[in-house]
Amino acid sequence: MRAELQSAPAVLMVRPACFGFNAQTADSNSFQRAGVEGQATALVEFDGVVHALREAGILVLIAADTPSPVKPDAVFPNNWVSFHGDGTVALYPMLAANRRLERREEIIGQVVREGGFRVSRTVDFTHHEGQGKYLEGTGSLVLDRVHRVAFACSSPRTDLDVLGDFAQQLDYDLVTFDALDAEGRPIYHTNVLMAVGSAFAIVCGESMPNASHRAAVFAKLRETGHDIVDISRAQMLKFAGNALELTTPSGRVLVMSSTALGSLSAQQLEQLKSHARILEIAIPHIEAIGGGGVRCMLAEIHLPKP
């Protein structure tokens with residue numbers, strides 16, 4: 001297995017054609033809020049993310065969503081595809097039928113062509129959909145790519161059998177745990193409560209009701225040398241855990257939304273700033289209607305060059 005850095009220098013983004021509230025995902029995503037659809041507002045926020053990332057020196061490859069069939073969550077590509085340092089592309093099984101339409105082979109071809117990357121194999125987990133089992137990419141999985149550890153909280157969108165398949169195919173150890181919101185519902189994606197950088201980790205310990213699960217997560221993070229920033233459930237709901245470390249020519253940046261940044265305490269902010277420059281981007285409309293944050297908009301690209 002090829003050695004891999006934690007933070008990527010490039011990301012894939014998908015410019016939405018029909019952004020809106022997705023009724024097919026609402027039952028399992030308590031972060032979503034029905035409201036004015038606002039495709040135009042979503043595009044303004046999307047373009048703001050692209051501009052900020054490019055200004056920071058990150059390679060941003062943009063694929064265009066197609067207006068038909070309608071895919072209200074197309075702006076969140078990290079749930080259907082992941083790109084790895086050994087040339088692997090992984091495709092993931094999705095719970096909502098209208099989200100499965102987001103998987104488009106031509107987008108992967110565009111990444112290879114425009115980014116000059118090499119793909120050596122494709123690992124397709126989508127057959128698990130036939131058994132009603134799902135694993136929604138780096139939404140379900142928070143990866144410590146350096147130490148080959150995959151963190152995952154169980155939910156209707158994250159199945160243990162598919163996790164085992166992922167671990168075997170991509171050579172990862174698993175740390176699985178339960179995580180619940182204040183009403184006792186499973187948190188739909190691991191990446192809204194947890195982010196792992198090169199030397200730090202953001203994690204919502206309060207969301208883990210099982211003390212042994214919580215201890216195992218924190219112990220693994222400390223064992224791998226991560227400075228832990230423990231956020232509250234209230235901060236998690238502000239997407240404080242939905243952040244992504246990327247690398248630029250001038251060093252690492254931590255991409256997070258204005259909503260997330262505004263929820264952090266001064267001490268938490270200083271902790272994070274000691275490891276990476278904060279890149280703040282405002283996407284309040286996408287967060288509220290889509291129920292996903294800025295990290296969900298970014299499918300990081302670790303693929304090698306030829």
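For segment 171-199, which residues satisfy the criterion of being outside any loop (DSSP other than H, G, I, E, B) and farther than 28 Å from A8 by Cβ?
Looking only at segment 171-199, we keep the residues that are outside any loop (DSSP other than H, G, I, E, B), and these are 173-177, 180, 186, 190-192, 194-196.
If the condition is that a residue be outside any loop (DSSP other than H, G, I, E, B) and farther than 28 Å from A8 by Cβ, then L180, P186 are the ones that fit.
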Item to complete: Scan segment 260-268 and give yes if some residue there is farther than 18 Å from V50 by Cα and in contact (Cβ under 8 Å) with a residue 40 or more places away in the chain, otherwise no.
Response: no
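Considering each of G241, G262, G225 in turn, give the residue that is under 21 Å from R145 (Cα atoms), of a type in the set (G, A, S) and surrounded by fewer than 17 Cβ atoms within 10 Å (Cβ to Cβ).
Values: G241 fails: surrounded by fewer than 17 Cβ atoms within 10 Å (Cβ to Cβ); G262 fails: under 21 Å from R145 (Cα atoms).
Exactly one residue qualifies, and that residue is G225.
Results for (1) part of a strand (DSSP E or B); (2) of a type in the set (V, I, T); (3) touching a residue at least 60 places away in the same chain (Cβ under 8 Å), shown as yes or no for each residue.
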{"residue": "R222", "(1), (2), (3)": "no, no, no"}
{"residue": "G225", "(1), (2), (3)": "no, no, no"}
{"residue": "L246", "(1), (2), (3)": "yes, no, yes"}
{"residue": "H275", "(1), (2), (3)": "no, no, yes"}
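Please enumerate the residues belonging to segment 132-143 that are in a helix (DSSP H, G or I) and on the phi > 0 side of the Ramachandran plot.
Passing the criteria: only G137.
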Practice prompt. Take G48 and decide whether it is in a loop (DSSP other than H, G, I, E, B) and either surrounded by fewer than 19 Cβ atoms within 10 Å (Cβ to Cβ) or among the small types (G, A, S) (or both).
Written response: no
Worksheet item: Would you pick out the residues in segment 66-77 that are surrounded by fewer than 20 Cβ atoms within 10 Å (Cβ to Cβ) and either in contact with a helix residue (DSSP H, G or I) (Cβ under 9 Å, 6 or more places away or on another chain) or closer than 20 Å to T138 by Cβ (or both)?
Response: P69, V70
Practice prompt. Can you tell me which residue among V89, V146 is of a type in the set (A, V, I, L, M), modelled with pLDDT of 95 or more and assigned to a strand (DSSP E or B)?
Written response: V89
Discussion item. Here's a check for you: in segment 69-96, which residue that is farther than 20 Å from G38 by Cβ and of a type in the set (V, I, T) is nearest to the chain's Cα centre (by Cα)?
Written reply: V81
Practice prompt. Could you please let me know if I202 is assigned to a helix (DSSP H, G or I), within 16 Å of the chain's Cα centre (by Cα) and on the phi < 0 side of the Ramachandran plot?
Written response: no
Worksheet item: In this structure, does E280 turn out to be over 30 Å from R113 (Cβ atoms), out of contact with any strand residue (DSSP E or B) (no Cβ under 6 Å at 6 or more places or on another chain), assigned to a helix (DSSP H, G or I) and not hydrophobic (A, V, I, L, M, F, W, C)?
Response: no
Worksheet item: How many of the residues making up segment 16-44 are in contact with a strand residue (DSSP E or B) (Cβ under 8 Å, 6 or more places away or on another chain) and either modelled with pLDDT of 95 or more or of a type in the set (G, A, S) (or both)?
Response: 2
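The values are calculated or read from the model by the stated rules, or taken from the named source; none is laboratory data. Worth saying up front: this structure is predicted, and the values here are computed from it rather than measured. Reconstructed Cβ throughout: ideal geometry from the backbone, glycine too, with neighbour counts over all protein chains shown.
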